[in-house]
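Below: one structure, written as structure tokens.
Every read-out reported here was derived from the displayed coordinates using simple, explicitly stated rules and does not represent laboratory data. Treat the numbers as computed from the prediction; the structure is a model and nothing was measured. Cβ atoms come from the backbone with ideal geometry, glycine included; neighbour counts cover every protein chain shown.
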Amino acid sequence: MNLMILDTIFSIVKLPSTETIPFWVLNGDVFSITRTNEELSIVCPSSSLPSGKLIDVEHDWNCIKVDGVLEIGLTGILSSLANPLAENNINIFAISTFNTDYLLIKSHSLEKAKLVLENAGHTFSMIM
């Protein structure tokens, strides 16, 4: 499978489930918003974050994107990426869209993750 590393550093933010979706999240080209009855979870470029203090936030995540559009009925795509990373103690935060999958990897683990995925048979194209 061909993968791409996005040229953006991301943050993951947790807000109360009742919070209004903040306007600053919309500043990035790539972002994800998920609301449950327990939380409002936001993944966005770190550069989009407000200057005020956020209580529950994780910084320094890189994003690996599965290149191309995947058929929604395909199975095993995410596990083919997550399993080798888990076997090598590399933490991920996964996001799936209708078209494809994204894995957020802590920046300090990116090179190791790339090597692990290449050894598992995946290839990387240019960083975008």
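Points to keep in mind about this one:
- Of the GluC sites (Glu not before Pro) found in the stretch 10-102, those that fall in a DSSP loop while having at most 11 other beta-carbon atoms within 10 Å are GLU38, GLU71.
- As a proxy for reagent exposure, ILE55, ILE9 were ordered by neighbouring Cβ count within 10 angstrom, fewest first; the result is ILE55, ILE9.
- Three semi-axes describe the equivalent ellipsoid of the chain; taken as square roots of 5 times the Cα gyration tensor eigenvalues and ordered largest first, they are 26, 16, 14 Å.
- Shown here for the stretch 1-94: trypsin sites (Lys or Arg not before Pro) in loop regions (DSSP other than H, G, I, E, B) with at most 15 other Cβ atoms within 10 Å, namely LYS53.
- A cut-off under 14 angstrom between Cβ atoms defines the neighbours of ILE9, and their net charge, with Lys, Arg +1 and Asp, Glu -1, is -3.
- Residue order for VAL57, VAL13, fewest other beta carbons within 10 angstrom first, comes to VAL57, VAL13.
- Charge dipole (debye, nearest 20) of the chain; +1 at Cβ of Lys and Arg, -1 at Cβ of Asp and Glu: 120
- Acute angle (nearest 10 degrees) that the helix 110-119 long axis makes with the longest principal axis of the chain, alpha-carbon atoms: 30
- Residues HIS122, HIS59, sorted so that the one with the fewest Cβ neighbours within 10 Å comes first: HIS59, HIS122
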